[in-house]
Amino acid sequence: MFLSDIDKEIAVLKEMGRYRYLRPLSTAQDAVITIEGRQFINFASNNYLGLANHPEIVAAFTAAAARYGVGTGASRLICGHMDIHAQLEEALARLKGTEACLTFSSGYLANLGILATLGGPRATVFSDELNHSSIIDGCRLSRSRVEIYRHADADRLDALLKASKARRKIIVTDSVFSMDGDIAPLPDLLALRDRYGAVLVVDDAHAVGVLPPRGCGSAEYFNLPPEAIDMQMGTLSKALGTYGAYICAPRKTVDYFINTCRTFIYNTGLPPALAGAAIKAVEMLSTGTDLLRRLWENRERFIAEMAARGRPVESPSAIMPLITGGDRETMAVSAALYERGLFVHGIRPPSVPEGMGRLRLTLMATHTPEMVSTAAACVDELFREAGIEAMDQKS
Ligand code: PLP
């Protein structure tokens, strides 16, 4: 019964062009990867700075594993809190300019925990319609009323906040949107936070290690005081090249989370070797790495090459959304690029709205200029062959 039911569901997914499967890499997460014996230029990774296999990060990981072992052994509140966790949290708080920081085992768990802890029957969460799925699931777990506002639309959010009678109002947004690469209007959201006495939670997963001037995240990008945002969540798994996540916030908020946040309390602490590797990644970012400049040069090159071909890409981040439309077009272009040795992931609903399928092309500091030029040329050629017009990326 169960197996025949899932057979039917799988048949529907295949019919719709939405069936997903795993492709094993046999190399590190680099600019060039090997999949099933073939080499590809990798334009699908969030390893924006190339730190995931950087020798200094690998050495820091190995050194921490040699000293602390591999497993954490318990949740942080039992006996899984090691001094290396505290050092990582201090380094992240310094990077963000906040009083304190708390790490989590993943960004998914952090977002579930943040919203479940802040929310409740007397709260309303105001969530951007394009927020990451971990925020959507966090909203569901929070037992709060949830109001979804039109993407990056502060006027719409204003109207919803004005109409709300909730005791606690929580505004939550990605800073850099993971499937669109655009940036939330944080100064406007802060003004609304102040006007309505709300709490502002920002997910900086794709901002830290990416946005100028120094890669400290969206607050720095907008030149906001470090603690203007109530809670800055971020991941270690993207530009910082490791795994895990954190919230940066005032000490009181962090202490409250240590006491109440279930995805922190009931989860084994981050493996110490990952903490060691992440400390090194934060140190590299804090002391100013050339990798950030190289990432930005690659980003500018790609945008210029696409514009020269009549295909403007608006993205201010390292995520380039190349809108294809329907599921079949998306997967056909992604497959054609794959045939040519370029790995660019095709994104379909439910990750993006219906009819807004796209290639999500991500740039890395470790791409050579030639790799970036090849990507722009191939994308343009295959889009033309598939009859995909240059589109306003926001349409
Ligand atoms: N938030 C955003 C915006 C993301 O893109 C991701 C991606 O995975 C997450 C949260 C979840 O982070 P993690 O992969 O560490 O669970």
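Listed values, structure above:
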read-out: Distance-filtered residues of the range 22-37 - backbone nitrogen under 17 Å, label point 7 angstrom along residue 10 Cα→Cβ; value: 22-23
read-out: Cα pair distances of the range 55-287 binned at 10 Å [whole percent]; value: 8, 35, 36, 16, 4, 0
read-out: Solvent-accessible area per residue, Å², over the chain with all protein chains present [probe radius 1.4 Å]; value: 44 Å²
read-out: Cut-off under 5 Å, modelled amide H: who pairs with residue 126 long-range; value: 147, 170, 171, 172
read-out: Ratio Rg/Rh [Cα only; Rh per Kirkwood] for the range 245-395; value: 1.09
read-out: Entries in 162/252; 252/280; 8/169; 169/280 that, when Cα-Cα distance is taken, lie over 30 Å; value: 8/169; 169/280
read-out: Gaussian network model of the chain, Cα within-10 Å springs - most flexible of 105, 175, 373; value: 373
read-out: Förster radius 45 Å - calculated FRET efficiency between residue 368 and residue 143 (Cβ-Cβ, nearest 0.05); value: 0.35
read-out: Per-selection Rg to Rh, the range 14-139 - Cα, Kirkwood hydrodynamic radius; value: 1.03
read-out: Cα-projected label distance for residue 286 with residue 67, points at 7 Å along beta-carbon direction, nm; value: 1.5 nm
read-out: Accessible surface of the chain, 1.4 Å probe, proportion on carbon and sulfur as whole %; value: 55 percent
read-out: Considering only the chain, percent of DSSP beta bridges that pair antiparallel, nearest 5; value: 55 percent
read-out: Mean residue ellipticity (222 nm) of the chain, computed from DSSP H runs ≥ 4 via -39,500 (n - 2.57), nearest 500; value: -13000 deg cm²/dmol
read-out: Hull volume in cubic angstrom per residue (convex hull over the Cα atoms of the chain); value: 157 Å³
read-out: Cβ-Cβ FRET estimate between residue 191 and residue 227, R0 fixed at 22 Å, reported to 0.05; value: 0.85
read-out: Neighbour-limited loop hits for GluC sites (Glu not before Pro), the range 1-88 (at most 16 other Cβ within 10 Å; DSSP other than H, G, I, E, B); value: 36
read-out: Note, ³J(HN,Hα) from phi for the range 239-256, Karplus 6.51, -1.76, 1.60, rounded to Hz, x at Gly and Pro; value: 4, 7, x, 10, 6, x, 7, 7, 10, 10, 6, x, 3, 4, 5, 5, 4, 4
read-out: Charge sum, other residues only, whose C-beta stays under 9 Å from residue 135's C-beta, Lys/Arg counted +1 and Asp/Glu -1; value: -4
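The values are calculated or read from the model by the stated rules, or taken from the named source; none is laboratory data. Since the model is a prediction, treat every value here as computed from it, not as a measurement. Every residue, glycine among them, receives a Cβ derived from its backbone with ideal geometry; neighbour counts consider all protein chains shown. To get the accessible areas, we keep the full protein, side chains included, count just its heavy atoms, and leave off ligands, DNA and RNA. Shrake-Rupley method; radii C 1.70, N 1.55, O 1.52, S 1.80 Å.
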